[in-house]
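The structure under discussion appears below in the form of structure tokens.
The values are calculated or read from the model by the stated rules, or taken from the named source; none is laboratory data. Nothing here was measured: the structure is a model prediction, and the numbers come from that model. Neighbour counts are summed over all protein chains in view; Cβ atoms, including those assigned to glycine, are modelled from backbone coordinates with ideal geometry.
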Amino acid sequence: MLYNGSPKHKDSIGRTSSEFVGKTLAEKKKVTDYFFLQEINDSLMKENEKLRKQLMQENSFIPIKDSTGNLIVEKDSIKKTIRYHYYAAKVLANSFDEPNNYMTINKGAYHGIKKGMCVLSNNGIAAKIVNTSPHFSVAKCVISERLRVSAQLKDGTVGYISWPELDSRFVQLNDISPSINVKQGDTVYTSNSSEFPANVMIGRIAALKQGSESNHYTVLLSTNFRRLKYVYVVEDITADEMQVVLDTAKAMDKPLKSNGR
């Protein structure tokens with residue numbers, strides 16, 4: 001009766017009702033978003049996977065000339081070469097306080113994952129695949145004993161990282177000459193000779209330990225293993241071809257065996 005008979009009450013009740021409905025819908029949206037969070041994350045990972053593939057495309061120009069030496073530009077003369085393929089995966093379990101730490105992901109041989117492939121987080125390097133089943137894989141984290149990764153500083157100086165202590169936040173950068181000017185906060189990347197893709201961030205210099213022949217730097221990892229939820233498995237499409245060329249070159253260096261000599 002008040003709502004229908006009094007404009008003032010009608011306006012007041014209308015505002016109150018709208019506010020109540022709005023808050024109810026907002027709370028409902030929070031609940032809905034929570035249940036769809038997994039689907040949203042999976043969608044974002046797939047989108048990031050596509051973007052990473054596009055970023056790793058290398059445009060190579062192949063010049064084509066006619067009989068007079070003039071350059072001919074054709075559509076086929078510009079090609080895109082893709083060296084790396086990325087597989088988005090979810091981390092099902094991982095350790096970070098053992099001498100050797102491993103992670104289990106929800107992608108396996110059925111999805112194209114193979115032993116030896118590298119694993120990246122959104123922020124840097126993470127692990128290497130050591131075993132696969134049809135639908136799951138296990139990777140050894142870089143925070144493990146006797147696991148070395150070739151690394152470089154911003155000026156191109158190459159060393160390697162290792163994990164000497166049971167602290168998942170840090171690794172150690174080794175084999176750097178004392179003559180190299182390194183400052184706290186400098187970025188450390190993977191090198192061209194690394195099994196990981198080159199120029200992927202490893203971390204930043206956090207502390208320096210001086211030695212007689214080389215300096216050892218404590219590096220704060222860019223990957224947080226305690227909060228690792230999603231990763232990218234990296235396939236180097238050129239790996240098999242490069243290995244064949246390397247094996248052939250090594251075979252050519254072996255001395256020929258002769259009769260009894």
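A few remarks follow.
- Within the range 96-115, the set of residues being touching a residue at least 40 places away in the same chain (Cβ under 8 Å) and small (Gly, Ala, Ser) comprises just one member, 112.
- Residue match in the range 155-167 (condition: assigned by TED's automatic domain parsing to the domain that holds residue 215, of a type in the set (A, V, I, L, M) and in contact with a Ser or Thr (Cβ under 6 Å, 6 or more places away or on another chain)): yes
- Candidates 119, 130, 158: the one that is of a type in the set (A, V, I, L, M, F, W, C), free of Cβ contacts under 8 Å to residues at least 40 places away in the same chain and within 21 Å of residue 225 (Cβ to Cβ) is 130.
- In the range 207-229, the residues that are part of a strand (DSSP E or B) and crowded, with 17+ Cβ neighbours inside 10 Å: 215, 216, 217, 218, 219, 221
- The one condition in (1) in contact with a Leu (Cβ under 9 Å, 6 or more places away or on another chain); (2) more than 20 Å from residue 104 (Cβ to Cβ); (3) of a type in the set (Gly, Ala, Ser) that residue 168 fails to fulfil: (2)
- Among the residues of the range 63-107, the one identified as in contact with a helix residue (DSSP H, G or I) (Cβ under 6 Å, 6 or more places away or on another chain) and modelled with pLDDT under 60 is 64.
- Test for residue 165: is it of a type outside the set (Lys, Arg), surrounded by fewer than 15 Cβ atoms within 10 Å (Cβ to Cβ) and under 28 Å from residue 93 (Cβ atoms): yes
- Annotation: of all residues in the range 115-150 being assigned to a loop (DSSP other than H, G, I, E, B) and among the hydrophobic types (A, V, I, L, M, F, W, C), the one that is nearest to residue 163 (Cα to Cα) is 143.
- Qualifying residue in the range 216-226 (condition: farther than 20 Å from residue 149 by Cα and modelled with pLDDT of 80 or more): yes
- Among the residues making up the range 178-195, those that are surrounded by fewer than 11 Cβ atoms within 10 Å (Cβ to Cβ) and touching a residue at least 12 places away in the same chain (Cβ under 8 Å) are 183, 185.
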